[in-house]
C-alpha cells in the first residue's frame with residue numbers, strides 16, 4: 001500500500017512538471033479551458049472573492065508559500081510580504097514562477113512530504129494544494145505546516161470546493177467524493193492524480209482534531225478559503 005501511494009504521488013508530480021507550460025490556461029479560462037462570457041464572469045467573480053479574502057487576511061511579515069506553482073498567487077503574496085519564500089517540487093513551475101516574480105521571492109525545490117523547514121514563518125500559504133494531499137498524508141502535511149510556523153503564526157489557503165454544482169460547471173472539477181481523477185494534457189497524455197475535495201465545515205472539524213482552530217468559507221460556486229492557527233501545544 002505504501003509503495004502504491006508513493007507511485008501515485010510520483011505520477012502526480014510528473015503530471016505537474018509536464019503541465020507547467022499550460023497550467024495558467026486553466027486559471028485564466030484560456031485555450032482548451034475557454035468558456036462562454038457568462039461562465040467566465042462567474043469564474044472570475046469567484047476568484048475575486050478569494051483575492052478579497054486574502055487582502056483581508058493581510059499575509060505580511062516572513063511568508064512561506066507551499067506548492068507555489070507558476071506564481072499567480074505568489075505575485076499577490078509579494079505585495080504584502082516583507083520576505084517571501086516559495087517552495088515547490090517541480091523545477092518547471094519554479095522557473096515560470098521566478099520569471100513572473102523575479103527577485104521578490106526566494107525559491108526552494110523540495111517535496112511537500114519530506115521537506116523540513118530550517119526557519120519559521122509568520123504566514124504559511126498554499127493554493128489548490130490541499131486537495132492533492134492523499135488522506136493518508138493529511139496529518140503529516142499539517143505537521144509540516146505547524147513546524148514552519150513562528151509563534152503566533154497564521155495559515156491561509158484556498159482550494160476547490162467539494163460541490164456537485166462546481167463539477168457540472170468545470171470539466172476539471174471532480175465530483176465531491178471521487179478522491180482521484182485522470183487528467184489529460186493538451187498532447188493527450190493521461191495521468192492519475194489525487195483530488196480530495198473538502199467542504200468547509202468538515203474541513204474545520206478535521207483540522208480541529210489535529211489541534212488547529214480553523215475557519216473555512218465557501219467562495220461562490222467553485223472555491224473555498226480557510227484561515228487556521230495552531231491551538232496550543234499538542
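The values are calculated or read from the model by the stated rules, or taken from the named source; none is laboratory data. Values in this document were obtained by computation on a predicted structure and should not be read as measured data. For neighbour counting, all protein chains shown are included, and Cβ atoms are generated from backbone atoms with ideal geometry for every residue, glycine included.
Some notes on this structure:
- Residue 191 surrounded by fewer than 17 Cβ atoms within 10 Å (Cβ to Cβ), in contact with a helix residue (DSSP H, G or I) (Cβ under 7 Å, 6 or more places away or on another chain) and at pLDDT below 95: no
- Total residues in the stretch 60-84, condition crowded, with 21+ Cβ neighbours inside 10 Å and outside any helix (DSSP H, G or I): 11
For (1) more than 27 Å from residue 83 (Cβ to Cβ); (2) under 17 Å from the mean Cα position of the chain (by Cα); (3) modelled with pLDDT of 95 or more; (4) surrounded by fewer than 18 Cβ atoms within 10 Å (Cβ to Cβ), each residue gets a yes or a no:
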residue: 149; (1), (2), (3), (4): no, no, yes, no
residue: 196; (1), (2), (3), (4): yes, yes, no, no
residue: 203; (1), (2), (3), (4): yes, yes, yes, no
residue: 213; (1), (2), (3), (4): no, no, yes, yes
residue: 225; (1), (2), (3), (4): no, yes, yes, no
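Yes or no, residue by residue, for (1) crowded, with 17+ Cβ neighbours inside 10 Å; (2) touching a strand residue (DSSP E or B) at 6+ places or on another chain (Cβ under 7 Å); (3) under 22 Å from residue 61 (Cα atoms):
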| site | (1), (2), (3) |
| --- | --- |
| 103 | no, no, yes |
| 111 | no, no, no |
| 115 | no, yes, yes |
| 118 | no, no, yes |
| 128 | yes, yes, no |
| 136 | no, no, no |
| 140 | no, no, no |
| 144 | yes, no, yes |
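- Residues in the stretch 181-223 that are out of contact with any strand residue (DSSP E or B) (no Cβ under 7 Å at 6 or more places or on another chain), in contact (Cβ under 8 Å) with a residue 60 or more places away in the chain and over 25 Å from residue 27 (Cα atoms): 206, 210.
- The single residue among 53, 20 that is in contact (Cβ under 8 Å) with a residue 24 or more places away in the chain, surrounded by 18 or more Cβ atoms within 10 Å (Cβ to Cβ) and out of contact with any strand residue (DSSP E or B) (no Cβ under 9 Å at 6 or more places or on another chain) turns out to be 20.
- Of residues in the stretch 23-43 being without any contact (Cβ under 8 Å) to a residue 40 or more places away in the chain and exposed (fewer than 14 other Cβ atoms within 10 Å of the Cβ), the one nearest to the chain's Cα centre (by Cα): 30
- Some residue of the stretch 151-159 being more than 18 Å from the chain's Cα centre (by Cα), at pLDDT 95 or above, surrounded by 15 or more Cβ atoms within 10 Å (Cβ to Cβ) and under 23 Å from residue 68 (Cα atoms): yes
- Test set (1) crowded, with 20+ Cβ neighbours inside 10 Å; (2) modelled with pLDDT of 95 or more; (3) under 20 Å from residue 26 (Cα atoms) - residue 95 fails condition number: (1)
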